[in-house]
Amino acid sequence: MEKDTKQEVQEVDILDILLDEDNEDPITLYDENSKAIKFDQVAIIPMDDKLYAILKPIDEIKGVADDEAIVFAINENDNGETTLIVETDEPTAMRVFDEYYRLLDEQK
């Protein structure tokens, strides 16, 4: 008699991971070539009725320095799934970083 060795994969919404204060595991995202890229979560920033995630790459990304972080807009797709999209509007990304630094200063 054969054992069923299939494991059920439980899908977890990325927003649940990002908002979990106890999560210290890297965030794994996939590029357009389905290559896994690991990130450390820096912050979640609410701004202008949207949520943004600031993530620092653990894995090397071409064109991103070791000390740089990336701003992602947190969106919901047509299926109700949370997606992270790199914020390509530079003024918006800079405002997200400015808000992050302002919040850090408030905690001091």
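For the pair Asn77 and Asn23 in one chain, pulling the backbone fully straight at 0.36 nm per residue adds 17.0 nm over the alpha carbon distance. Per atom type, the chain shows carbon and sulfur on 45% of its accessible surface, probed at 1.4 Å.
Can you give the calculated 222 nm mean residue ellipticity of the chain, where each DSSP H run of n ≥ 4 adds -39,500 (n - 2.57) and the sum is split over every residue, rounded to the nearest 500 deg cm²/dmol? Don't jump to the answer; show the numbers that get you there.
Values: 2 runs with 24 residues, N = 108.
My calculation for the chain gives -7000 deg cm²/dmol from helical runs alone.
Put simply, the Cα atoms of the stretch 9-59 extend 31, 23, 18 Å along their principal axes, the longest span coming first.
With q set to 0.10 Å⁻¹, the log10 of I(q)/I(0) for the chain, from the Debye formula over equal scatterers at the Cα positions, is -0.35. Computed over protein heavy atoms with a 1.4 Å probe, the accessible surface of the chain works out to 81 Å² per residue.
Each of Tyr100, Thr83, Leu51 was placed along the dipole of the chain (beta-carbon charges, centred on the mean Cα), and the one lying farthest toward the positive end is Tyr100.
Highest mean first, how do 32-40, 72-80 rank when packing is the count of other Cβ atoms within 10 Å averaged over residues? Could you put the intermediate results ahead of the total?
On the way: 32-40: 10.9, 72-80: 12.4.
The peptides rank, most packed first, as 72-80, 32-40.
Each residue of the stretch 22-35 is assigned a 3J(HN,Hα), and the resulting list reads 8, 6, 10, 6, x, 8, 9, 10, 10, 7, 5, 9, 6, 7 Hz, derived from the Karplus form 6.51 cos²θ - 1.76 cosθ + 1.60 (θ = phi - 60°), x at Gly and Pro. Extending each Cα 7 Å along its Cβ direction at Ile44 and Leu104, get the distance between those two points in nm, one decimal. About 2.0 nm, to one decimal.
The values are calculated or read from the model by the stated rules, or taken from the named source; none is laboratory data. Note that this is a predicted model, so its numbers are computed, not measured. Using ideal geometry, Cβ is built from the backbone for each residue, glycine included, and neighbour counts are taken over all protein chains shown. Heavy atoms of the whole protein, side chains included, go into the accessibility calculation; ligands, DNA and RNA do not. Shrake-Rupley method; radii C 1.70, N 1.55, O 1.52, S 1.80 Å.
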